[in-house]
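Novice: Have a look at this one before I ask anything.
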Amino acid sequence: MSLTVNMSRLRADLVSLSFIGRLTGGGITRTSFSAADLAARQWYQARCAEAGLALRTDGIGNMFAEAAGAGNGGAGSGAARPAAVWSGSHLDTVPDGGAFDGAVGAVAALESVRRLAEERVELARPVRAVVFADEEGNYNHLLGSTALARDFTRDELAAMTGRDGDRLVDAITAIGWNPDALAGNRADPEQVYAFVELHIEQGPNLEASRTDIGVVTSVVAIGGAVAEFRGRADHAGTTPMTRRQDPLRAAAQLIAALPAITATVSDTAVATCGKLVTFPGGANVVPALVRMLLDYRDPDAGRLARLDERLIAAARQAAAAHDVTLHWAAEPPVAPVELNPRVRSAIGASARGLGLSAVAMPSGAGHDAQNMATLAPTGMIFVPSRDGRSHSPAEHTDWEDIENGANVLLATLTGLATTGLPDSGSAGA
């Protein structure tokens, strides 16, 4: 009989974690480096201590856990081989998010390491559970895994601000960490044998097709920008409509144009304004400044670049139409990635071995896996999301589906850590 996860423990962990950062309306807010995030980190540390696992945190906040004595050839350690098999996700959430995005993959990876250690499975290489910092991009898209993949310069880090305008270096200082340690955390690719991430689908396809497991083929390209329209503050009652320099009108024009702009690029392109802030923010004051947070995506890097160009052009047109100025600050795009066929083959074989149905499918959401794919052979496992809902309190995945996904993850990690990557085989499900 194959090794399986302890589902009662895994479920209890996910339920316990879901109360950290819980809001009165049922949603969860665990913004990276906030008090709730620190509490989640302490919770994770306690689970590792209970299991006798060695835990390390790097300078940007990524956490690495593995069985004591299993080797410590991780990011920045300089330890000898063999390279480890990595698995994990994130504990941070979007504002008013759900209990499963990120958490399922992070806790299932931890559970996999625990089960391998408990059963004293003979491994050719260690298995390491990873929690990535700020996956949700409060300060930068996929902050922690990007640091592992390419690192950041000190100037880049000093310029990073959160959705509320706070600086990353200030947030790190406030929690007692060393801001000078934010740089220099790139992982040594020679010490990462493979990476597998379990995640909820965040879409409706698996549920609609009654399929147990998604074997992810590719991950979407992501762009982001802050657009600031600056006009002139005036009295809301005494300033004629024809004499206003209202930046909110310009922002509204750009937002209204998003569907038409994306349609000119492709039928898979999307663009979202997830936050809009006005200054000074009074109901009876024409705004002087409007700051927009934009997120835009397409599976193809070339199309994403065209989308970026057309969004900027539309923003400039909106600024000119309303006699305001525009400042556009774009984040470096996150490149799309094809996931490794051999890891995908291993995932599909694990699913079939457990009697589960599986299908090959792309991911329209960004994940740490796309950064890890630049370091090592990488794959992703999806499990169904009820009604396709995610990034909201309505997010839900049935426990049976979580158990299925966790067991596929454990079987895949075990195979990679014992026999290694398959020599060949189908890249799909």
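Only the coordinates and a few stated rules stand behind these numbers; no lab work does. Treat the numbers as computed from the prediction; the structure is a model and nothing was measured. Here the Cβ positions follow ideal geometry from the backbone for every residue, glycine too, while neighbour counts run over all protein chains shown.
Novice: Would you tally the net charge around MET241, using a Cβ to Cβ cut-off of less than 11 Å, leaving MET241 out, and scoring K and R as +1, D and E as -1? Before the final figure, lay out each step's value.
Specialist: On the way: positive: ARG243, ARG244, ARG249; negative: ASP234, ASP246.
Neighbour charge sum, excluding MET241 itself: +1.
Novice: I would also like to ask the following. Rank ALA256, ALA319, ALA117 by mean-square fluctuation in a GNM of the chain with C-alpha springs under 10 angstrom and give only the top-ranked residue.
Specialist: Result for the chain, Cα springs under 10 Å: ALA256 fluctuates most.
Novice: Relative to the compact-globule scaling 2.2 N^0.38 Å, provide the ratio for the alpha-carbon radius of gyration of the range 83-169. Walk me through the intermediate numbers first.
Specialist: On the way: Rg = 15.8 Å, N = 87, 2.2 N^0.38 = 12.0 Å.
Normalised Cα radius of gyration, the range 83-169: 1.32.
Novice: Shifting gears a bit: Just to confirm my numbers, what's the Cα centroid distance between the range 168-233 and the range 313-342 in Å?
Specialist: Using only Cα atoms, the two centres lie 18 Å from each other.
Novice: Also: Dipole of the chain (Lys/Arg Cβ +1, Asp/Glu Cβ -1, origin at the Cα centre): which of ILE255, LEU53, ILE381 lies farthest to the positive side?
Specialist: About the Cα centre, the residue reaching furthest to the positive side is ILE255.
Novice: Can you tally the net charge around PHE100? Count Lys and Arg as +1, Asp and Glu as -1, for every other residue whose Cβ sits under 11 Å from the Cβ of PHE100. Before the final figure, lay out each step's value.
Specialist: Details: positive: ARG386, ARG389; negative: ASP101, GLU201, GLU395, ASP398, ASP401.
So the environment of PHE100 carries a net charge of -3.
Novice: Scan [x] 36, 28, 18; [y] 40, 23, 20; [z] 44, 24, 20 for the value of semi-axes √(5λ) of the Cα gyration tensor in Å calculated from this model and give just the label.
Specialist: After the calculation, the listed value that fits is [y].
Novice: Grab the Cα-Cα distance for ALA321 and THR4, subtract it from 0.36 nm times how many residues apart they are, and report the gain in nm with one decimal. Walk me through the numbers on the way to the answer.
Specialist: On the way: separation 317, 0.36 × 317 = 114.12 nm, distance 6.15 nm.
Taking ALA321 through THR4 to full extension adds about 108.0 nm, to one decimal.
Novice: I want to verify a result. In a Gaussian network model of the chain, Cα cutoff 10 Å, which of these has the top mean-square fluctuation: GLU309, GLU395, GLU331?
Specialist: Comparing GLU309, GLU395, GLU331 in a Gaussian network model of the chain, the most mobile one is GLU309.
Novice: Lys/Arg Cβ at +1, Asp/Glu Cβ at -1, dipole of the chain taken about the Cα centre: which of GLY25, LEU14, ALA318 is farthest positive-ward?
Specialist: The residue sitting farthest along the positive end of the dipole is ALA318.
Novice: Shifting gears a bit: In whole Å, what are the Cα extents of the range 222-330 along the three principal axes, biggest one first?
Specialist: Cα extents, longest axis first: 49, 21, 19 Å.
Novice: To the nearest 20 debye, what is the magnitude of the charge dipole of the range 293-345 about its Cα centre, counting +1 on the Cβ of each Lys and Arg and -1 on the Cβ of each Asp and Glu?
Specialist: Details: 7 positive and 8 negative charges, 49 e Å.
The calculated dipole for the range 293-345 is roughly 240 debye.
Novice: Quick check on the chain: of the DSSP beta bridges with both residues there, what percent are antiparallel, nearest 5%?
Specialist: Details: 43 of 64 bridges.
Counting only bridges with both partners in the chain, antiparallel ones make up about 65 percent.
Novice: Based on other C-beta atoms within 10 Å, arrange LEU356, LEU168 from fewest to most. Spell out each step's value before the answer.
Specialist: On the way: LEU356 19, LEU168 25.
Ordered by Cβ neighbours within 10 Å, fewest first: LEU356, LEU168.
Novice: Which residue, GLY105, ALA84, VAL121, has the largest displacement toward the positive end of the dipole of the chain when charges sit on each Cβ (Lys, Arg +1; Asp, Glu -1)?
Specialist: So the residue we want is GLY105.
Novice: With only Lys, Arg, Asp and Glu charged, each at its Cβ (+1 for the first two, -1 for the last two), find how big the charge dipole of the range 222-330 is about the Cα centre; round to the nearest 20 debye. Please report the intermediate quantities before stating the final value.
Specialist: Details: 12 positive and 10 negative charges, 58 e Å.
I would put it at about 280 debye.
Novice: Within a Cβ distance under 13 Å of SER218, other residues only, what is the Lys/Arg minus Asp/Glu net charge?
Specialist: Once positives and negatives cancel, what remains is -1.
Novice: Per 0.36 nm of contour for each residue apart, how much would the distance between ARG306 and ALA236 grow if the chain were fully extended, relative to their Cα-Cα spacing?
Specialist: Working: separation 70, 0.36 × 70 = 25.20 nm, distance 3.80 nm.
Separation in residues times 0.36 nm, less the Cα-Cα distance, equals 21.4 nm.
Novice: Shifting gears a bit: Build a GNM of the chain with springs between Cα atoms under 10 Å: which of GLY366, GLY237, GLY214 gets the top mean-square fluctuation?
Specialist: So, out of GLY366, GLY237, GLY214, the one fluctuating most is GLY237.
Novice: Cα centroids of the range 79-139 and the range 365-400: how far apart, whole angstrom?
Specialist: About 13 Å separates the Cα centre of the range 79-139 from the one of the range 365-400.
Novice: What is the magnitude of the charge dipole of the chain about its Cα centre, with +1 placed on the Cβ of each Lys and Arg, -1 on the Cβ of each Asp and Glu, and no other charges, expressed in debye to the nearest 20? If you can, show how the numbers build up before the last one.
Specialist: Working: 36 positive and 48 negative charges, 85 e Å.
Magnitude of the dipole: close to 400 debye.
Novice: Can you tell me the orientation of helix 7-18 relative to the chain, as the angle in degrees between its alpha-carbon axis and the longest Cα principal axis, to the nearest 10?
Specialist: Helix 7-18 and the main axis of the chain meet at about 20 degrees.
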